[in-house]
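Single-structure report; data block below.
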Amino acid sequence: MIPSDVKATLSFSDGSPNMDLPLYKGTIGPDVIDIRKLYAQTGKFTYDPGFLSTASCNSTITYIDGDKGELLYRGYPIEQLATSCDYLETCYLLLYGELPNPAQKEEFVARVTNHTMVNEQMQFFLRGFRRDAHPMAVMTGLVGAMSAFYHDSTDINNPEHREIAAIRLIAKMPTLVAMAYKYTVGQPYIYPKNDLSYAGNFMRMMFATPCEDYKPNDVLVRAMDRIFILHADHEQNASTSTVRLCGSSGTNPFAAIAAGVACLWGPAHGGANEAALNMLEDIQRNGGVAKIGEFIKQVKDKNSGVKLMGFGHRVYKNYDPRAKLMRETCHEVLDELGLHNDPMFKLAMELEKIALEDEYFVARKLYPNVDFYSGIVQRAIGIPVPLFTAIFSLARTVGWIAQLNEMIGDPEYKIGRPRQLFVGSTARNVKPIGER
Ligand code: CMC
């Protein structure tokens with residue numbers, strides 16, 4: 001953090017003394033006002049539910065310019081990473097700060113690949129779930145349970161434990177997501193095959209059976225890999241902040257990542273990809289393109305509770321750059337599969353066009369986000385809709401780990417402990433039960 005020459009002065013209309021607050025500059029993005037001494041000096045807190053104006057940490061990992069629609073991982077534009085790198089190179093970049101050279105990549109890929117199998121006992125743990133459980137319920141349990149299976153990497157303050165936990169999580173998430181899927185469809189689990197790429201191996205574990213192998217299709221594998229890259233990190237979003245807050249108590253890395261999985265599930269966050277596709281299917285069932293006008297009317301009616309899922313973002317007030325790349329991938333996948341006339345894709349394109357021209361969306365700067373198109377791609381590949389968010393969690397795991405490790409290594413790190421404005425009852429006496 002670079003101190004700024006500018007200071008902010010806080011003044012009070014009741015004559016209390018002014019307070020000078022230091023400002024810090026980042027390398028890019030808004031400056032921050034340091035309020036850490038505010039309570040000690042004035043006895044007052046700041047109030048910012050939803051963190052609309054609050055930087056919860058300093059970070060070197062991911063930068064978003066929401067007005068420009070720019071996303072950088074460690075300084076590299078997402079467009080370049082999505083076209084020139086694969087997911088494991090992106091993981092290396094997020095974890096260690098630089099893109100790997102060929103030798104570093106080979107060593108990292110070998111390390112991850114070495115850990116793709118999960119403890120055989122985990123399948124018995126998985127069997128405790130109902131077959132119709134939501135994959136995110138299963139994933140929250142499985143990731144949390146990893147701390148029970150890998151106790152030799154649970155000390156968050158030990159850099160070696162953190163490193164091995166990171167590699168294990170990145171390596172095993174595809175295996176766990178595929179196992180969760182196979183369990184719901186009643187098929188045997190498919191063990192990882194380590195001569196395949198990260199995405200290719202995942203797709204094989206999803207779609208092969210003991211009777212029929214799955215031959216990865218390059219276009220579809222590349223699309224899956226791109227989904228992973230685009231979802232790998234997104235600075236201090238709800239699930240990442242959850243992971244940081246959870247990890248700030250000193251809990252083990254698996255528990256902190258499980259907290260991230262649980263948070264990601266919500267429809268306002270990672271669950272939006274599933275919700276967006278369900279929404280498209282609903283519109284399709286109820287009349288398709290001809291009914292878009294009616295649907296948009298409902299979305300604009302605040303009493304309806306209906307939202308255009310896959311639209312809007314807290315930070316992007318412009319087209320989400322990930323949505324642009326996902327739209328491109330959508331075309332490639334549908335062309336490869338001969339599905340360019342897919343009614344759901346046509347519906348999505350039409351809905352996007354109408355929404356982008358509508359005053360309601362224009363005035364609020366609501367643009368499609370990554371989830372608007374990722375569901376169509378995944379559905380075309382053959383991924384069942386309830387599994388979409390689990391795949392998001394697989395991809396985001398590396399971002400959560402990188403952010404967690406950054407926090408632990410930060411000399412300013414403290415347990416996260418927000419304060420509150422209390423508006424409840426003041427102290428009162430308990431009456432005996434007969435008098436209440
Ligand atoms: N459909 C209709 N209206 C919307 C939508 C939407 N999808 N998103 C925002 N608005 C309206 C909102 O009602 C509000 O209107 P008004 O000013 O009249 O009260 C205005 O736009 C500002 O919205 P907000 O709720 O204050 O914005 P937020 O920053 O708190 O919420 C959001 C961001 C992503 C939760 C929200 O846009 C949303 O619920 N979108 C749909 C769910 C979705 O697609 N989420 C995925 C986010 S990207 C993937 C990820 O990072 O997880």
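The values are calculated or read from the model by the stated rules, or taken from the named source; none is laboratory data. A quick note: this is a predicted structure, and the numbers were derived from the prediction, not measured. Here Cβ is always computed from backbone atoms with ideal geometry, including for glycine, and neighbour counts include all displayed protein chains. SASA here: full protein model, heavy atoms, side chains in, ligands and nucleic acids out. Shrake-Rupley method; radii C 1.70, N 1.55, O 1.52, S 1.80 Å.
Tell me the angle of helix 272-285 to the major Cα principal axis of the chain, expressed in degrees between 0 and 90 and rounded to the nearest ten.
In the chain, helix 272-285 runs at an angle near 60 degrees to the longest axis.
Starting from the amide H of Ser248, placed 1.01 Å from N in the peptide plane, find each other amide H under 5 Å away whose residue is 5 or more places distant or on another chain.
Gly416
So what J values fall out for segment 150-159 if you push phi through Karplus, 6.51 cos²θ - 1.76 cosθ + 1.60 with θ = phi - 60°, rounded to Hz, Gly and Pro as x?
Whole-Hz 3J(HN,Hα) from phi for segment 150-159: 10, 5, 7, 9, 10, 8, 5, 8, 9, x.
With the contact rule set at Cα under 8 Å and sequence spacing of 6 or more, what percent relative contact order holds for segment 229-297? Walk me through the intermediate numbers first.
Details: 37 pairs, mean separation 14.1, N = 69.
Once normalised by length, the contact order is 20 percent.
Over all alpha-carbon pairs of the chain, lay out the pair-distance distribution in 10 Å bins, whole %, shortest bin first.
Over the chain, the share of Cα pairs per 10 Å bin runs 4, 19, 28, 25, 15, 6, 2, 0, 0 percent.
From the C-alpha coordinates alone, can you work out the Kirkwood hydrodynamic radius of segment 275-328, in Å?
Value: 12.6 Å, from the Cα pair sum.
Name the residue from Thr397, Asn429, Gln187 whose Cα lies farthest towards the positive end of the charge dipole of the chain, charges +1 on Cβ of Lys and Arg and -1 on Cβ of Asp and Glu.
Farthest along the dipole direction, towards plus: Asn429.
Given Cα positions, please report Rg to Rh for segment 235-364, the hydrodynamic radius being the Kirkwood one.
Rg/Rh: 1.04.
Which shape class applies to segment 160-319: rounded if a/c is under 1.5, otherwise prolate when a/b exceeds b/c and oblate if not, where a ≥ b ≥ c are the square roots of the Cα gyration tensor eigenvalues?
Details: a/c = 2.27, a/b = 1.28, b/c = 1.77.
Taking the square roots of the gyration eigenvalues as a ≥ b ≥ c, segment 160-319 is oblate.
Can you run phi through the Karplus equation (6.51, -1.76, 1.60; θ = phi - 60°) for segment 376-383 and list ³J(HN,Hα) in whole Hz, with x for Gly and Pro?
Here the 3J(HN,Hα) series is 5, 5, 5, 5, 5, 5, x, 7 Hz.
If packing is taken as the average count of other Cβ atoms within 10 Å, what order do 17-25, 130-138, 254-262 fall into, highest mean first?
254-262, 130-138, 17-25
Local charge sum around Arg204 (other residues, Cβ-Cβ under 10 Å, Lys/Arg +1, Asp/Glu -1)?
Net local charge, Arg204 excluded: +1.
Pairs of alpha-carbon atoms within less than 8 angstrom and 6+ residues apart define the contacts here; what relative contact order does segment 267-381 have, in percent? Write out the running numbers ahead of the final one.
Working: 124 pairs, mean separation 47.1, N = 115.
Answer for segment 267-381 is 41 percent.
How large is Rg/Rh for segment 283-436, to two decimals, with Cα atoms and a Kirkwood Rh?
Ratio of gyration radius to Kirkwood radius: 1.16.
Roughly how many debye, to the nearest 20, is the charge dipole of segment 307-414 about its Cα centre, given +1 on each Lys and Arg Cβ, -1 on each Asp and Glu Cβ, and no other charges?
Value, rounded to 20: 320 debye.
Tell me what the chain gives for mean residue ellipticity at 222 nm when only DSSP H runs of n ≥ 4 count, each as -39,500 (n - 2.57), the sum divided by the residue total, rounded to 500 deg cm²/dmol.
-15500 deg cm²/dmol
Counting pairs of alpha carbon atoms under 8 Å apart in space and at least six apart in sequence, what relative contact order in percent does the chain give?
Dividing the mean separation by the residue count of the chain yields 19 percent.
If you line up the Cα atoms of segment 27-87 on their principal axes, what length do they span on each, largest first, in Å?
52, 19, 19
Picking from Gln420, Met122, Val289, whose Cα lies most toward the positive end of the charge dipole for the chain (charges on Cβ: Lys, Arg +1; Asp, Glu -1)?
It is Gln420.
Can you give me the convex hull volume of the Cα atoms of segment 317-382, divided per residue and expressed in Å³?
68 Å³
Which of the peptides 148-160, 385-397 is most tightly packed, and how do the rest follow, judged by the mean count of other Cβ atoms within 10 Å per residue?
Averaged packing, sorted descending, gives the order 385-397, 148-160.
If the convex hull of the alpha-carbon atoms of segment 35-184 is projected onto planes in all directions, what is the mean projected area in square nanometres?
For segment 35-184, averaging the hull's shadow over all directions gives 13.5 nm².
Along the positive direction of the dipole of the chain (beta-carbon charges: Lys, Arg +1; Asp, Glu -1; about the Cα centre), which of Leu23, Gly305, Ala380 reaches farthest?
After comparing all options, I get Gly305.
Dipole magnitude of the chain about its Cα centre, charges +1 at Lys/Arg Cβ and -1 at Asp/Glu Cβ only, in debye to the nearest 20?
Using Cβ point charges on Lys, Arg, Asp and Glu, the chain gives about 1480 debye.
With Kirkwood's inverse mean 1/r over C-alpha pairs for Rh, give me the Rg to Rh ratio of segment 1-124, two decimals please.
Details: Rg = 21.9 Å, Rh = 18.8 Å.
Checking Rg against Rh, the ratio lands at 1.17.
How big is the dipole moment of segment 142-251 about its Cα centre under a simple scheme where the beta carbon of each Lys and Arg is +1, that of each Asp and Glu is -1, and everything else is neutral? Debye, nearest 20, please. Spell out each step's value before the answer.
Numbers: 10 positive and 11 negative charges, 52 e Å.
Around 240 debye, computed over segment 142-251.
Taking the solvent-accessible surface of protein heavy atoms with a 1.4 Å probe, what is the per residue accessible area of segment 215-332 in Å²?
On a per-residue basis, 41 Å².
For the chain, find the longest principal axis of its Cα atoms and tell me its angle to the long axis of helix 321-336, 0 to 90°, nearest 10.
Result, in degrees: 10.
If I model a spin label at Thr46 and His151 as a point 7 Å from the Cα along the Cα→Cβ vector, what separation in nanometres do I get?
Here the modelled spin labels are 4.3 nm apart.
Above 20 angstrom, tally the Cα pairs of segment 102-161 and express them as a % of all pairs, no decimals.
I get 45 percent for the Cα pairs in segment 102-161 exceeding 20 Å.
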